[in-house]
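> Handing you this structure, nothing more for now.
The values are calculated or read from the model by the stated rules, or taken from the named source; none is laboratory data. Keep in mind that this is a model prediction, so the values were computed, not measured. Cβ sites come from the backbone with ideal geometry, for glycine too, and all protein chains shown count toward neighbours.
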Amino acid sequence: MTSVTAITVRYNETDRMGITHHAVYPVWYEQARTDFIKKLGISYSQVEQLGVMLPLVDLSCHYIGSCTYEDQLEVSVKVVQLTPARIRFSYAITKAGEEKPFHTGSTTHAWVDSASFRVINLKKRLPELYEKIASAVEPED
């Protein structure tokens with residue numbers, strides 16, 4: 001399953017050159033990832049209420065092109081890898097109406113117990129959630 005989130009580049013997200021600052025892209029990843037989880041039928045806060053958190057363990061950004069103030073963007077996200085202990089998301093950002101992404105990236109998160117922050121086996125702890133996510137996995141191209 002691929003989820004697409006619409007983003008409009010805000011003025012405060014650009015640098016002195018008028019180009020979107022490199023630090024903004026992970027913020028957009030998070031927004032798209034949150035929308036993705038909602039489309040699965042559960043929210044991040046509901047997952048946390050179940051005693052599970054998803055800290056970031058790896059972040060990768062590939063700046064192929066750029067965007068500027070007021071550009072209309074589409075952030076596509078999909079789960080490309082799921083194990084009982086980790087989940088990896090892949091992102092592609094395009095300008096609205098274009099097919100070729102100008103930015104790609106990925107994030108990897110660990111499944112941890114919210115009280116101890118120790119890595120858990122999500123498949124054992126919350127098998128229904130694990131299966132819901134597993135059904136949405138799309139291996140990378």
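> Residue by residue through segment 118-131, note down the ones that are surrounded by fewer than 11 Cβ atoms within 10 Å (Cβ to Cβ) and in contact (Cβ under 8 Å) with a residue 40 or more places away in the chain.
Lys124 - this is the single residue of segment 118-131 that is surrounded by fewer than 11 Cβ atoms within 10 Å (Cβ to Cβ) and in contact (Cβ under 8 Å) with a residue 40 or more places away in the chain.
> So which residues in segment 36-51 are without any contact (Cβ under 8 Å) to a residue 40 or more places away in the chain and either at positive phi or not small (Gly, Ala, Ser) (or both)? So that I can check it myself, show each step before the final result.
Of all residues in segment 36-51, those without any contact (Cβ under 8 Å) to a residue 40 or more places away in the chain come to 37-39, 43-46, 49.
Passing the criteria: Ile37, Lys38, Lys39, Tyr44, Gln46, Gln49.
> Name the single residue, out of those in segment 8-31 being among the aliphatic types (A, V, I, L, M) and closer than 14 Å to Ser66 by Cα, that is modelled with the lowest pLDDT. Before you say what the answer is, go through the steps one by one.
Applying the first criterion (among the aliphatic types (A, V, I, L, M)) to segment 8-31 yields 9, 17, 19, 23-24, 27.
Right, trim to closer than 14 Å to Ser66 by Cα and you get 9, 17, 19, 23-24.
Numbers: Val9: 97, Met17: 89, Ile19: 95, Ala23: 95, Val24: 97.
The selected residue is Met17.
> Out of the residues in segment 1-46 meeting the condition of being under 10 Å from the mean Cα position of the chain (by Cα) and among the small types (Gly, Ala, Ser), tell me which one is surrounded by the most Cβ atoms within 10 Å (Cβ to Cβ). Break it down stepwise before answering.
The initial filter retains those residues of segment 1-46 that are under 10 Å from the mean Cα position of the chain (by Cα), namely 3, 26-37.
Narrowing further to those that are among the small types (Gly, Ala, Ser): 3, 32.
On the way: Ser3: 20, Ala32: 24.
It comes out as Ala32.
> Does Ala32 meet the test of being free of Cβ contacts under 8 Å to residues at least 60 places away in the same chain, of a type in the set (A, V, I, L, M) and farther than 25 Å from Glu138 by Cα? Explain how you work it out, then say what you get.
On the way: free of Cβ contacts under 8 Å to residues at least 60 places away in the same chain: yes; of a type in the set (A, V, I, L, M): yes; farther than 25 Å from Glu138 by Cα: no.
Taking the combined requirement at face value, the residue does not satisfy it.
> Based on what the data block shows, is Arg10 of a type outside the set (S, T, N, Q) and within 28 Å of Leu126 (Cα to Cα)? Reasoning before the result, please.
Values: of a type outside the set (S, T, N, Q): yes; within 28 Å of Leu126 (Cα to Cα): no.
Against the criterion (of a type outside the set (S, T, N, Q) and within 28 Å of Leu126 (Cα to Cα)), Arg10 does not qualify.
> Give Ser116, Ser60, Ser43, Ser66 a once-over and let me know the one that is over 16 Å from Val4 (Cβ atoms), among the polar types (S, T, N, Q) and at pLDDT below 95.
Ser43 is the lone residue from the list that is over 16 Å from Val4 (Cβ atoms), among the polar types (S, T, N, Q) and at pLDDT below 95.
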